[in-house]
1. Which count do you get for residues in region A:157-206 that are free of Cβ contacts under 8 Å to residues at least 40 places away in the same chain and small (Gly, Ala, Ser)?
2. Among the residues of region B:177-199 satisfying the criterion of being touching a Pro at 6+ places or on another chain (Cβ under 9 Å) and within 12 Å of another protein chain (Cβ to nearest Cβ), which is nearest to B:Glu80 (Cα to Cα)?
3. Residues of region A:547-565 being more than 16 Å from A:Arg513 (Cβ to Cβ) and surrounded by fewer than 18 Cβ atoms within 10 Å (Cβ to Cβ), which ones?
4. In region A:249-262, is there at least one residue being facing chain B (nearest Cβ under 8 Å), part of a loop (DSSP other than H, G, I, E, B) and surrounded by fewer than 20 Cβ atoms within 10 Å (Cβ to Cβ)?
5. Which residue pairs have Cβ atoms under 7 Å apart, sit 6 or more places apart or on different chains, and have a first residue in region B:15-27 that is more than 7 Å from chain A (Cβ to nearest Cβ) and a second that is of a type in the set (Asp, Glu)?
6. How many residues, within region A:373-415, are farther than 30 Å from A:Leu310 by Cβ and away from chain B (no Cβ under 14 Å)?
7. Residues of region A:156-199 being polar (S, T, N, Q), part of a helix (DSSP H, G or I) and touching an Asp or Glu at 6+ places or on another chain (Cβ under 8 Å), which ones?
8. Looking at B:Val61, B:Val41, B:Val35 in this structure, which one is surrounded by 21 or more Cβ atoms within 10 Å (Cβ to Cβ), closer than 23 Å to B:Ile239 by Cα and touching a Lys or Arg at 6+ places or on another chain (Cβ under 6 Å)?
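The values are calculated or read from the model by the stated rules, or taken from the named source; none is laboratory data. Treat the numbers as computed from the prediction; the structure is a model and nothing was measured. When we count neighbours, we look across all protein chains shown, and the Cβ atoms used for this are built from the backbone with ideal geometry, even at glycine.
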Amino acid sequence: MSTPEAKSNPGAHALRIVIVGHVDHGKSTLVGRLLHDTGSLPDGKFEQIQVVCRRRGMPFEWAFLLDALQAERDQNITIDVSQIWFRSATRSYVIIDAPGHKEFLKNMVTGAADADAALLLIAANEGVQEQSKRHAYLLSMLGVSQVIVLINKMDLVDYSESVYLRIEADYREFLAKLGIQPLRFIPIAARDGMNLTEPLNDVAKWYSGPTLLRALDELTPPDPEAEGPLRFAVQDVYRFDERRIVAGRIESGTIRVGDDIVFSPNNKTSSVASIERWNAPVRDSASAGESIGIMLTEQIFVERGHIGSLDTQTPIETNRFRARIFWMGTRPLSTGRRYTVKLLTQEVECQLVSVDRVIDATSLDTVSGLRLSVARNEVAEVTIQSRSSLVMDNHDKVAASGRFVIVDDQNVAGGGIIFGGHYVNRGRVRSTNIFWSEGTIDHQTRVERNGHRGMVVWLTGLPGSGKSTLARALETNLFNRHMQAYVLDGDNIRHGLNSNLGFSAEDRVENIRRVAEVAKLMADSGLIVITSFISPYRLDRARAREVILSADVEFIEAYVAAPLHVCEQRDPKKLYKRARAGEIKNFTGIDDPYEVPENPEITIHTDRESVKECLERLLDFLIPRLQLDVAEYEI
Amino acid sequence: MEFSNTHLDALENQSIYILREAYRKFKRLAMLWSVGKDSSVMLWLLRKAFFGHVPIPCVHVDTSYKLPEMIAFRDRLAKEWGINLIVGQNRAVLDRGETFPNGRITRVECCSFLKRDALQAIIEEKDYEAVIVGIRRDEEGTRAKERYFSPRDKNFEWNFKDQPPELWDQFKTDFDPGTHIRVHPLLHWTEVNVWEYIDRENIPVVDLYFSKHGMRYRSLGCAPCTKPVQSRARTVPEIIAELRNTKTGERSTRAQDQEAEDAFERLRASGYM
């Protein structure tokens, strides 16, 4: 084997750049020109295009360098993603020339999904257009964080500083809403090669920033997520010889020989006996990005789709989650249809529960509230339920396990990123190895007879926030709709099932655990269970959620919100008064904290709306979920 | 030694991931072995992915016009590495003598009969669901637009205008009966990367790539349509150094590409590799 020194360019990571922007704002021209000006074109290519253009009686067209396909030359639109290599004095680049035409969203997504950085192109004479915004929105979803904005065709506005500054201000404001902080704005005129490799100098004395090439050279290659929580996605288990090798890729974090690895979703644990590679130096660890194999000390059941993690940082495991998605399918994404979600190496059949809001990517406004479908090219926030548990992360915690694609009839038709998922420390959850008897009357049968799904509506909020009032009003309303509803509250739980529990921290945890288990059983039997407990701690509510989701029952966390001073003013049971007087200890809101829900399914502000209005809001949210076309979905 | 994620490691890891996905997803899977440098790297990556094993058959489409050194190299490697070698050939056309070297048809037609049709015949005969092919995006314009998992329809055709989206390493692996998938694990490599990797891993390649009497082959195909280039590069590091400074296209020595402006593009759309 040769030494590293023998290689002329060891360790050079080619930076992958995607170029996006509105149609005709000059993407392909920019790439063609950049290749030419950096001397990256093969000999004869420039001349070849010159001949082609002359033969067609047209001026030299830079875009032809990339649009190698005949069909594209005729249409003058980049249909698909081209990948072109070029090299500056300091490093190499792969440019992905993504199409700007609206119909070609899927190709743009293909190009942008694995880019390290993006160039957003805006023509100075047209300013910020629909796709300038739409593409930026998608970049933010796809996780491309390094963005340079190029204001192109500056020659058409006589290199006007005021035009440039106006566009910059417009766009900066929009990008800020997406959480994108562009690294730079750069004025260019791609067709003439202005400010690509050579500075503008005389034509725009007001610009003192770098050329495009220098700005590119300043970009830092992305760090593999070696420091993040360990996520080892199992691809396969091989037995080619006497060894049983669990093969897969480290998506995040680092795995080491001797580590105890929890494989989710079935949460069996074994430790790493060895890390296997072929014809490579032996190392006892592997980090994000590495395709490796491991051998385990115990022969536990592991298969494709399992995700390995350390027991201190386990992922979310759920069959119901919320996500921000984009849809590329010809057929709309809709409730009542079956899809497959692919997340890392997991593939699970799933169904759309609800479209919570459709987003206008150009204004970021909510186009529509609750709806039953998402059309092609739309972006939306949705709730998805899968037939079996999926292992995942919130996208902002671990990107690789926080994103998924949706397959509709063999085709990848959408993609999404997960948010608002709840983590439960698996190491601290009590094991449940009790044999579960499966009667012949199953959940589905009960759901069909009731005409609605079983569900747990978990009301949480300060004392006096209005939980009990709302719970009773909801129960009555549902009852009048011929739905089976039942309220669990302090009155019927504290005095019976939990009469042996006091108000110590330990007892409060146990109180909530029992409520969750009872609610699970009742909801599994087909009831809509409305729980009305302060349940002040996030961890307890997260555990309740997990207990209930484990029975394939919907869990709706409803935050009944009202400011403390309002609750204290209401004080229906005069408890605040007594707490202030020191007669009651550990009173939530006074001398014990209330942890506000971070991502409740719904928040009801009882200080802003009447009971009737609050109830209507809650019903608007719940009824479509209760009446979901249950026959379509066999659990 | 502390691990540093070099560019070659990143390329290798990605290719291994793709090969393992293909192996898991397709029960009837084969690798197309052209006996060139890219194929050598691909075979090596198969052994990386499967811990020293080559668990799938390797198909060589023999036009009968291949350079003789290539056949000798193929047979030697197949034996040494325990490869299940399957040779395909369009016997009918060869028997009728309808080939370019016989002066009866054009280069492009010849490619189409002896390579494309022969490949189609063997895919149909063996009923392969997927074939691994060592093309790269930097080779040529139409290949730049390829996907890692690229479907071919019943007529063997590539619909480049309507390709499946590919993001976050989720690939199209479901397809209708009669169609098949081309898997391209080297798509993201460049010609220089291939040689850098051959150098690092000591991968055997056919001697034709190394300079003799001031000439070497840069790309290997059929003898009548492939010409050597002027070169003094006699070792792998010398080839790498040479490629870093060249501005000539890799396939410029492949005569069939030059017959018409879109010759290669049409060949590919109809099912060429």
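1. Residues meeting the conditions: 6.
2. Residues of region B:177-199 that are touching a Pro at 6+ places or on another chain (Cβ under 9 Å), as a first pass: B:179-182, B:195-196, B:198-199.
Still in the list and also within 12 Å of another protein chain (Cβ to nearest Cβ): B:179, B:181, B:195-196, B:198-199.
Numbers: B:Thr179: 34, B:Ile181: 29, B:Trp195: 22, B:Glu196: 23, B:Ile198: 18, B:Asp199: 20 Å.
Checked region B:177-199; the qualifying residue nearest to B:Glu80 (Cα to Cα) is B:Ile198.
3. Hits for region A:547-565 are A:Pro563, A:Leu564, A:His565.
4. Residues of region A:249-262 facing chain B (nearest Cβ under 8 Å): A:249.
Restricting the remaining residues to those that are part of a loop (DSSP other than H, G, I, E, B) gives none.
Looking through region A:249-262, none of the residues is facing chain B (nearest Cβ under 8 Å), part of a loop (DSSP other than H, G, I, E, B) and surrounded by fewer than 20 Cβ atoms within 10 Å (Cβ to Cβ).
5. Pairs found: B:Phe26/B:Glu129; B:Lys27/B:Glu129.
6. Our first condition is that a residue be farther than 30 Å from A:Leu310 by Cβ; within region A:373-415, this holds for A:373-382, A:407-414.
Now restrict to residues that are away from chain B (no Cβ under 14 Å): A:373-375, A:378-382.
The total comes to 8.
7. Across region A:156-199, there are no qualifying residues.
8. Numbers: B:Val61 fails: closer than 23 Å to B:Ile239 by Cα; B:Val41 fails: touching a Lys or Arg at 6+ places or on another chain (Cβ under 6 Å).
Only one candidate qualifies: B:Val35.
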